[in-house]
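For reference, the structure is listed below as C-alpha cells.
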C-alpha cells in the first residue's frame, strides 16, 4: 500500500496506524468468469439512534448536523465502510468508486 493511500485512509478514519498490508486489484480467472470477485458483500450505513440524534430528528435539524453527531459517535459513511472493505481485502477501490459517492474520491 502506498504512503499516499495510507494517508488517505487515515484521513478517512479507516487506518489508525501505518500498515504494510497490500491493497488488491481484481485480476479474474475461470472460476470467477474473469470478474476478479467471488460472492457479494453488503455495504451499509448503520447508525444507532442515540438520545442526542433523536433530539435532532425531533426538532427537524439539518441532515448535516445529524451526520456530524453520528460521525462523532463512530458511524462510518457508506464510502468509509467501502474503504474498510478494501483494507479487509473484500473488494477494490475501483468497485467502491462505482458504488459510493464522496466529494473527496
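What follows draws every value from the coordinates through simple rules; no lab data is involved. These numbers come from a predicted model, not from an experiment. Note that we place each Cβ from the backbone using ideal geometry, even for glycine, and neighbour counts take in every protein chain shown.
Listed values, structure above:
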quantity: Estimated FRET transfer efficiency when R0 is 25 angstrom, pair residue 7-residue 61 (beta carbons, to 0.05); calculated: 0.15
quantity: Helical mean residue ellipticity (222 nm; -39500 (n - 2.57) per DSSP H run of 4+; nearest 500) of the chain; calculated: -11500 deg cm²/dmol
quantity: Sequence-separation-based contact order of the chain, relative, with Cα cut under 8 Å and 6+ spacing, percent; calculated: 28 percent
quantity: GNM result for the chain, Cα springs below 10 Å: residue of 93, 37, 79 fluctuating most strongly; calculated: 37
quantity: Three semi-axes of the equivalent ellipsoid, the chain, Cα gyration tensor, whole Å, largest first; calculated: 31, 17, 11
quantity: Most fluctuating residue given options 43, 53, 76, as computed from a GNM of the chain linking Cα atoms under 10 Å; calculated: 53
